[in-house]
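Everything below concerns the one structure shown next.
Since every read-out is calculated from the coordinates, none of them should be taken as a lab result. Values in this document were obtained by computation on a predicted structure and should not be read as measured data. Quick reminder, even Gly has a Cβ in these numbers, built from the backbone with ideal geometry, and neighbours come from all protein chains shown.
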Amino acid sequence: MALDPLRPSPLVEQATESLREQITQGNWPVGTKLPGETSLAKSLGVGRSTVREALRSLAGAGLVQPRQGSGVFVMATEPRESWSVRLRRAAVADVYEVRMLLEVEAARLAAERRTDDDLIGLDAALAHRAQSAGGGTAAFVDADIVLHEAVVAAAHNPVLVGLFTEFVPRLRQGLIDLVELLDLRAEDPGHGQDVHARLVEAIAGGDADRAARTLRGELTRTLDRLRALQP
């Protein structure tokens with residue numbers, strides 16, 4: 001099967017897509033042994049290491065399986081899940097790793113530095129989040145972000161506030177995708193309201209360790225659920 005040489009750009013991604021198309025279009029049926037790395041590299045105009053990475057990606061999607069001493073064989077013509085879902089989940093996981101870095105420390109600082117006005121804002125944001133539970137996903141996510149913005153603001157660190165403000169657009173899309181990927185609101189429309197109430201309570205009580213621990217625990221549980229979906 002002839003393969004078109006690839007254009008210079010992310011070569012591993014291009015090689016993966018080119019090989020995937022050959023499989024999903026039925027040019028290499030299930031059970032077929034793929035050409036060797038050297039042959040594929042020559043056809044695609046890339047190095048063997050690029051082909052090796054592409055095959056590893058296809059194996060992760062369940063499309064091929066390497067067999068020691070025998071070669072690489074086609075196992076399915078469709079990935080275990082759509083590529084778009086895989087990419088969305090990876091993007092959400094990245095967002096949550098950044099949240100761990102920014103927001104956990106913000107919660108700790110908020111408990112140490114919050115003012116009376118901050119506490120009024122936190123209580124109002126918490127109540128608004130609860131009220132938004134009956135609405136659509138986007139409205140609920142927006143209310144959730146308002147609460148987390150209030151936590152970050154209570155840390156009284158302008159650099160941290162600036163970083164979080166820049167991060168919010170990515171966070172918003174990540175949270176919307178998260179709700180859909182994990183169906184978080186199916187049984188609990190106000191997902192995590194009790195945890196957020198404990199977070200606000202810890203900040204109000206000046207308990208920095210508890211505030212950080214509460215938020216870290218919630219973020220970690222969600223991140224673990226995302227990672228558990230990895231094929």
Estimated vicinal HN-Hα couplings, Hz - the range 110-127 in sequence order (Karplus 6.51, -1.76, 1.60; Gly, Pro = x) | 4, 5, 8, 10, 4, 9, 4, 5, 4, 5, 4, x, 5, 4, 5, 5, 5, 5
Would you mind giving the three semi-axes, in whole Å and largest first, of the ellipsoid equivalent to the range 16-83 according to its Cα gyration tensor?
-> 17, 13, 11
Out of T165, G206, L178 - ranked by how far each Cα lies towards the positive end of the dipole of the chain, with unit charges on the beta-carbon of charged residues - the top one is L178
Mind ordering 188-201, 53-66 by average Cβ neighbours within 10 Å, highest first?
-> 53-66, 188-201
Going residue by residue through the range 166-174, the Karplus relation 6.51 cos²θ - 1.76 cosθ + 1.60 with θ = phi - 60° gives ³J(HN,Hα) values, rounded to whole Hz and with x marking Gly or Pro, of 5, 7, 3, x, 5, 4, 4, 5, x
Whole-number Å³ per residue for the convex hull built on Cα positions in the range 69-201 = 150
Assigning unit charges at the beta carbon (Lys, Arg +1; Asp, Glu -1) and nothing else, what dipole magnitude in debye, to the nearest 20, does the chain show about its Cα centre?
-> 1240
Sequence-distant or interchain residues sharing an amide H contact under 5 Å with V64, placed H: which?
-> A59, M75
If one puts a single equal scatterer on every Cα of the chain and applies the Debye formula without solvent, what log₁₀ I(q)/I(0) results at q = 0.07 Å⁻¹?
-> -0.35
Quick note on I203, I176, I23, ordering by fewest other C-beta atoms within 10 Å, gives I176, I23, I203
Return a whole-number percent for the relative contact order of the chain, with Cα pairs under 8 Å and 6 or more residues apart as the contact set.
-> 21
222 nm mean residue ellipticity, helices alone, for the chain (DSSP H n ≥ 4; -39,500 (n - 2.57); rounded to 500) | -23000 deg cm²/dmol
